[in-house]
Amino acid sequence: MSILVNKHSKVIVQGFTGSEGTFHATQMIEYGTNVVGGVTPGKGGTKHLDRPVFNTVDSAVKATGADVSIIFVPPAFAADAILEAADAGIKVIVTITEGIPTRDMLVIKPFLKARGAIMIGPNCPGIITPGEAKVGIMPGFIHKPGTIGIISRSGTLTYEAVYQVTQQGLGQSTCVGIGGDPIVGSTHTDIIKLLNEDPNTEGIILIGEIGGSSEVDAARWIKDNVKKPVVGFIAGQTAPPGRRMGHAGAIIAGGDDTAAAKMRIMKECGIHVVESPAFIGQTMMEALRKSGMR
Amino acid sequence: MKIHEYQGKEIFRKYGVPVLKGIVIKTPEEAKQAAIELGSPVVVVKSQIHAGGRGQGKVYDIKDRTKMLSDRGVKVVKSPQEAEDFARLVLGNVLVTKQTGEEGKVVHTMYVEDGCAIEKEYYLSITLDRVTSKNVIIASAEGGMDIEKVAEEHPEKIVKEWIDPLTGLRPYQISKIGYALGFTPELVKQFIPFMNALYKCYMDGDCSLLEVNPLVTTKDGKIMALDSKINFDDNALFRHPDYAPLRDLNEEEPLEIEASESNLNYVKLDGNVGCMVNGAGLAMATMDIIKLSGGEPANFLDVGGGANAKTVEAGFRIILKDPNVKAILINIFGGIVRCDRVANGVVEAYKSIGNINIPIIVRLQGTNAEEAAKIINESGLKVRSAVALADAAKLVNEALQA
């Protein structure tokens with residue numbers, strides 16, 4: 001079991017024939033992801049990477065039965081690509097594109113909700129269910145099939161956590177990078193709800209950053225609903241207030257969005273909080289042992 | 001991107017948001033001339049820097065930071081001569097406010113504005129509420145004050161109205177805010193077009209923050225924006241080429257400008273250990289590791305997805321310009337980026353710069369990490385390599401002890 005994507009997922013790539021799309025689609029196919037085709041307006045009817053190219057998402061879905069889409073469309077056109085995917089009936093949309101204006105994202109959330117679609121991202125590394133499907137830009141080889149669900153906002157920091165978990169001899173059920181923008185399709189809580197219901201996920205790693213309240217909301221939900229051990233880390237303990245730390249969402253605007261405040265609340269909610277990102281994997285292993293799962 | 005008050009007010013004027021008449025000046029003589037031109041018995045001379053709290057800020061001599069020249073960055077003056085005198089005192093010197101930090105900001109520009117008879121001050125802003133993914137209007141009858149403090153001590157005095165992206169801002173919402181602020185029906189009638197114009201300005205411009213503090217009602221019954229603070233969404237600047245000239249490089253850290261030219265995401269901090277990392281999340285985590293190892297991060301530096309010899313060298317050069325840096329930690333998690341390539345980049349950059357006299361710790365993990373460690377260790381350079389993050393932390397600690 002897993003969440004969001006598995007070996008049966010039929011994946012299309014929006015922005016298929018561009019350089020980013022081509023590179024990562026190739027990697028996804030090599031990993032074993034069931035990529036059934038792609039969309040590039042104006043190139044419909046051709047073949048790319050041995051798969052059909054369509055002009056619209058709608059025609060791609062009708063021809064292939066695709067249920068997952070990954071988007072590599074440039075920022076100026078990305079919002080339209082997301083709306084198109086949802087309108088065509090895609091249920092899991094992974095938006096990799098970085099730099100989408102916030103204004104464009106405002107209308108997307110209610111639109112997706114009305115169509116029952118889940119979006120991961122934008123500005124994210126994507127989703128991977130090790131051994132089954134990689135719908136993202138993460139390096140596949142650091143992952144290993146297993147029972148730890150990982151959720152994070154960032155790319156390389158997620159890889160760090162994945163690597164540490166693999167080093168501990170544990171593997172991952174599904175890893176989700178929700179993205180670093182102020183408005184993202186899915187919050188930490190949305191993904192934790194799914195991981196909590198997944199029978200194959202034994203433990204959860206929640207990685208956050210300064211800014212916003214996504215981690216705090218998740219911690220409160222975990223306190224009331226999750227019995228599985230949860231390990232947490234918040235990056236940006238040393239970040240100064242008011243400055244943008246790479247991710248547009250990573251600004252401390254005052255209140256409970258500092259790393260210290262988030263970590264305190266997470267601890268109060270029963271999460272195993274690590275101060276050093278070097279001990280994420282080790283702490284997960286210890287938490288499993290404590291709960292008698294190892 | 002942030003802009004100055006006077007630039008914000010120019011935009012306000014275009015949208016029909018009422019603001020007072022004002023003139024931008026860069027010399028004391030211009031201040032005098034501006035006051036004469038405005039012709040009012042009372043004018044206000046306002047320092048233009050990208051930080052709030054200018055009124056209560058203090059101006060220090062740029063040559064002698066212990067010498068306070070003025071106990072305010074904004075002054076109401078009664079004659080053109082007084083305007084010139086105040087401008088002479090402030091221009092070229094350092095304004096320290098509670099938002100600038102101790103280092104303050106040099107005042108290069110001032111704004112001479114008409115005075116006005118204020119009846120009452122209010123606070124008004126539009127920004128994104130990340131929790132609901134909606135824009136929100138925040139208003140308070142406690143104007144001109146520190147809004148964070150009001151929110152903390154008297155949350156009941158803050159009015160919030162969320163804007164549904166599908167309907168936009170509706171007139172009923174504006175009148176709700178107006179009555180909550182205690183406006184008379186006559187003022188509410190004025191407030192509806194006022195608020196609509198501000199909201200249009202916010203949406204059209206892809207703003208991330210639009211703040212009017214204070215918004216005032218005048219003795220003659222008008223609503224006026226006495227201040228303006230506008231931040232633009234950096235991701236949307238591509239569709240506003242007309243806003244690009246509003247960028248004031250004087251307000252930015254020179255090293256940050258240099259970094260952005262090399263496509264590096266750099267934020268200067270005050271610590272002693274520099275760092276260079278791929279990915280924003282890992283970069284923040286690396287700063288935390290530095291702190292836990294007994295150091296203080298000297299910077300945030302994300303080299304992005306394409307870490308190569310050129311970006312590594314640019315990163316090195318920027319970090320090394322900071323005299324406080326006593327050690328550098330490079331932390332790269334190679335995914336798509338191959339670690340051996342990054343390692344070669346580090347060696348090349350090191351050789352090309354030459355004479356790096358501080359310890360460098362390189363932690364390369366992920367694709368081809370072992371080959372990378374070999375390249376570093378066999379390079380003959382004074383570079384220590386680590387594979388696990390915990391080992392890198394230990395090496396940083398040792399470097400600081402030495």
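The values are calculated or read from the model by the stated rules, or taken from the named source; none is laboratory data. Note that the structure is a prediction, hence the values are computed from the model and not measured. Every residue, glycine among them, receives a Cβ derived from its backbone with ideal geometry; neighbour counts consider all protein chains shown. Note: accessible area is taken over every heavy atom of the protein model, side chains too, but ligands, DNA and RNA are not part of it. Shrake-Rupley method; radii C 1.70, N 1.55, O 1.52, S 1.80 Å.
First compute the accessible area of the range B:346-402 with a 1.4 Å probe, then give the percent of it belonging to carbon and sulfur atoms. Carbon with sulfur: 47 percent of the solvent-accessible area. If the segment from residue B:209 to residue B:69 were pulled out straight at 0.36 nm per residue, it would be longer than the present Cα-Cα gap by 47.2 nm. Counting only residues at least eight positions apart within a chain, or on another chain, the aspartates and glutamates with an alpha carbon under 15 Å from that of residue A:228 are A:197, A:198, A:202, A:286. Here the label points at residue B:14 and residue B:61, each 7 Å from Cα along the C-beta direction, are separated by 4.2 nm in the simple model. How would you classify the range B:1-94 from its alpha-carbon gyration tensor, with a ≥ b ≥ c the square roots of the eigenvalues: rounded for a/c under 1.5, else prolate if a/b is greater than b/c, otherwise oblate? Oblate, since a/c reaches 1.5 and b/c is not below a/b.
Take each residue in A:150-157, count the other chain C-beta atoms within 10 Å of its C-beta, and the mean is 6. For chain A, the 222 nm mean residue ellipticity estimated from helices alone, with every DSSP H stretch of n ≥ 4 adding -39500 (n - 2.57) and the total spread over all residues, rounds to -10000 deg cm²/dmol.
For A:175, B:116, what's the largest-to-smallest order of accessible area, 1.4 Å probe?
B:116, A:175
To the nearest 0.05, how large is the calculated FRET efficiency for residue B:391 and residue B:320 if R₀ is 30 Å and r is the Cβ-Cβ distance?
Working: r = 24 Å, r/R0 = 0.80.
Once the sixth-power term is evaluated, E becomes 0.80.
For residue B:70, nonlocal amide neighbours, meaning residues 5 or more places apart or on other chains whose placed amide H falls under 5 Å from its own, are B:59. Quick one: grab the alpha carbon gyration tensor of the range B:1-40, order the square roots of its eigenvalues as a ≥ b ≥ c, and give me rounded if a/c is under 1.5, else prolate or oblate depending on whether a/b is larger than b/c. Cα axes put the range B:1-40 in the oblate bin. Surface analysis of chain B yields an accessible area of 44 Å² per residue, using protein heavy atoms and a 1.4 Å probe.
The overall shape of the range A:1-64, judged from the alpha-carbon gyration tensor, is oblate: a/c is not under 1.5, and a/b is no greater than b/c.
In deg cm²/dmol, rounded to 500, what helix-only [θ] at 222 nm does chain B give when every DSSP H run of at least 4 residues adds -39500 (n - 2.57) and the total is split over its residues?
On the way: 12 runs with 140 residues, N = 402.
Helix contribution divided over all residues of chain B: -10500 deg cm²/dmol.
Most simply put, chain B has about 75% antiparallel DSSP beta bridges, counting only bridges with both residues inside it. For the pair the range B:328-356 / the range B:280-303, the C-alpha centres are spaced 17 Å from each other. Taking amide H positions as modeled 1.01 Å from N, with prolines and chain starts lacking one, the residues under 5 Å from residue A:235 and 5 or more places away or on another chain are A:208, A:209, A:210.
Beta-bridge orientation, chain A: approximately 20 percent antiparallel, per DSSP, counting only bridges with both partners inside.
Take every DSSP beta bridge whose two residues both sit in the protein assembly as shown; close to 55 percent of them are antiparallel.
At full extension, residue B:252 and residue B:108 could sit 50.6 nm farther apart than now, given 0.36 nm per residue minus the alpha carbon distance.
Could you put B:124, B:237 in order of accessible surface area, largest first, with the 1.4 Å probe and the full protein assembly present?
Details: B:124 5, B:237 55 Å².
Solvent-accessible surface, decreasing: B:237, B:124.
Helix A:75-87 sits at what angle to the longest principal axis of chain A, using alpha carbons and giving 0 to 90 degrees rounded to 10? Helix A:75-87 sits at roughly 80 degrees to that axis. Protein-only accessible surface at a 1.4 angstrom probe places the residues A:118, B:126 in the order A:118, B:126, largest first.
Distance between the 7 Å Cα→Cβ label points at residue B:29 and residue A:62: 7.4 nm.
FRET efficiency for the residue B:401 to residue B:141 pair, using the beta carbon distance and R₀ = 35 Å, is estimated at 0.05. Computing FRET efficiency as 1/(1 + (r/R0)^6) for residue B:119 and residue A:286, where r is the C-beta to C-beta distance and R0 is 51 Å, gives about 0.20.
Built from the Cα atoms of chain B, the convex hull projects on average onto 23.1 nm², one quarter of its surface area.
If you build the Cα gyration tensor of the protein assembly as shown and take the root of 5 times each eigenvalue, what three semi-axes come out, in whole angstrom, biggest first? Write down the numbers at each step before the final one.
Values: eigenvalues 411, 205, 109 Å².
Calculated on Cα positions only, the semi-axes equal 45, 32, 23 Å.
Simple spin-label estimate for residue A:47 and residue B:81 gives 9.0 nm between the two label positions (7 Å along the Cα-to-Cβ direction from each Cα).
Enter the buried accessible area of the B/A pair, total of both sides, probe 1.4 Å, in Å² rounded to the nearest 100. Counting protein atoms only, the buried area is about 3900 Å². Excluding ligands, DNA and RNA, the accessible surface per residue across chain A is 35 Å² with a 1.4 Å probe. Which pairs, out of B:21/B:78; B:134/B:229; B:78/B:219; B:268/B:374; B:75/B:222, put more than 26 Å between their alpha-carbon atoms? In this structure, B:268/B:374 lie more than 26 Å apart at Cα. Quick one: pull the percent of accessible area on the range A:12-72 belonging to carbon and sulfur, 1.4 Å probe, ligands and nucleic acids left out. Of the solvent-accessible surface of the range A:12-72, carbon and sulfur hold 52 percent. Contact order, relative form, for chain B: 12 percent (alpha carbon pairs under 8 Å, 6 or more residues apart, mean separation divided by residue count).
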